[in-house]
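Asks: First the structure, which I've put down as structure tokens, then a few questions once you've had a look.
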Amino acid sequence: MKINIINKSNNPLPHYETVASAGLDLRANLESPESLKPLERKLISTGLFIELPMGYEAQIRPRSGLAYKSGISIVNSPGTIDADYRGEIKILLINLSTEDFVINHGDRIAQMVIAAHEQAEWVEVDVLSETERGAGGYGHTGVK
Ligand SMILES: O=c1ccn([C@H]2C[C@H](O)[C@@H](COP(=O)(O)OP(=O)(O)OP(=O)(O)O)O2)c(=O)[nH]1
Ligand SMILES: [Mg+2]
């Protein structure tokens with residue numbers, strides 16, 4: 001699908017790294033490197049602005065390699081980019097490791113998945129239909 005984008009960074013546009021990738025890696029747009037201390041969080045610019053079609057969202061997710069190797073995650077994961085948002089896409093990184101982590105301009109710090117979604121139209125009722133699960137949750141079916 002075609003999506004309008006403005007790129008105010010000098011990074012390349014996000015692209016799919018492999019033919020069947022779901023995620024588009026997002027790069028940091030920085031004037032100078034940023035450092036994240038253990039448990040520190042920072043909102044990192046991408047320089048990207050997009051115009052999603054109605055009925056679509058963009059999800060901002062952590063990259064597994066950064067998470068595994070360096071303990072870098074996203075506080076509000078998965079972040080939600082609404083179709084009517086026209087501001088800059090930013091990424092709320094957090095350092096979950098015990099060591100400082102440095103982000104350089106152009107580093108691929110997160111990934112974005114474009115996804116279709118519904119909007120709910122509530123139908124207020126007095127009773128919901130019965131199911132086998134009922135109100136059971138939080139592990140009520142057991143571990144094994
Ligand atoms: O990781 C994110 C999450 C959100 N946004 C932008 C796009 C989104 O459409 C807007 C609002 O996000 P959200 O609804 O998650 O934040 P909120 O705290 O509910 O703010 P608002 O009251 O503006 O909706 O912020 C980002 O750039 N990055
Ligand atoms: Mg909101």
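The values are calculated or read from the model by the stated rules, or taken from the named source; none is laboratory data. Note that the structure is predicted; figures quoted are calculated from it, not measured. With ideal geometry, Cβ positions are generated from the backbone for all residues, glycine too; neighbour counts draw on all protein chains shown. These area figures cover heavy atoms from the full protein model, side chains too; ligands, DNA and RNA do not enter into them. Shrake-Rupley method; radii C 1.70, N 1.55, O 1.52, S 1.80 Å.
Asks: In deg cm²/dmol, rounded to 500, what helix-only [θ] at 222 nm does the chain give when every DSSP H run of at least 4 residues adds -39500 (n - 2.57) and the total is split over its residues? The partial results should precede the final answer.
Replies: Values: 1 runs with 7 residues, N = 144.
After summing the helix terms and dividing by residue count, I get -1000 deg cm²/dmol.
Asks: If you don't mind, another one. I'd like the GluC sites (Glu not before Pro) in region 36-120 restricted to DSSP loop residues with at most 12 other Cβ atoms within 10 Å, sorted by number. Write out the running numbers ahead of the final one.
Replies: Details: sites: GLU40, GLU51, GLU57, GLU88, GLU99, GLU118; in loops: GLU40, GLU88, GLU99, GLU118.
For GluC sites (Glu not before Pro) across region 36-120 that sit outside H, G, I, E and B with at most 12 neighbouring Cβ atoms in 10 Å, the list reads GLU99, GLU118.
Asks: Would you please give the FRET efficiency between ILE6 and LYS42, computed as 1/(1 + (r/R0)^6) with r the Cβ-Cβ distance and R0 = 35 Å, to the nearest 0.05? Provide the component values of the computation, followed by the final result.
Replies: On the way: r = 23 Å, r/R0 = 0.65.
Once the sixth-power term is evaluated, E becomes 0.95.
Asks: Let me ask another. Holding the Cα-Cα limit at 23 Å, pick out from LYS37/LYS90; LYS8/LYS69; LYS2/LYS42 the pairs that are longer than that. Please report the intermediate quantities before stating the final value.
Replies: On the way: LYS37/LYS90 19 Å; LYS8/LYS69 30 Å; LYS2/LYS42 31 Å.
Violating the 23 Å Cα-Cα cut-off are LYS8/LYS69; LYS2/LYS42.
Asks: Follow-up. Take every Cα pair under 8 Å in the chain that's 6+ residues apart, average their separations, divide by the length, and report that relative contact order as a whole percent.
Replies: Values: 271 pairs, mean separation 44.2, N = 144.
Answer for the chain is 31 percent.
Asks: Excluding ligands, DNA and RNA, what is the solvent-accessible area per residue of the chain at a probe of 1.4 Å, expressed in Å²? Show your work: numbers first, answer last.
Replies: Details: 10270 Å² over 144 residues.
Heavy-atom SASA per residue in the chain reads 71 Å².
Asks: Another question, then. Enumerate the residues in region 51-85 having an amide nitrogen under 14 Å from the point lying 7 Å beyond the Cα of HIS15 toward its Cβ.
Replies: Nothing falls inside the zone, counting backbone N under 14 Å.
Asks: Could I ask something else about it? Whenever you get a sec, compute what percent of the accessible area on the chain sits on carbon and sulfur atoms (1.4 Å probe).
Replies: Working: 5170 of 10270 Å².
For the chain, the apolar C and S fraction of the accessible surface comes to 50 percent.
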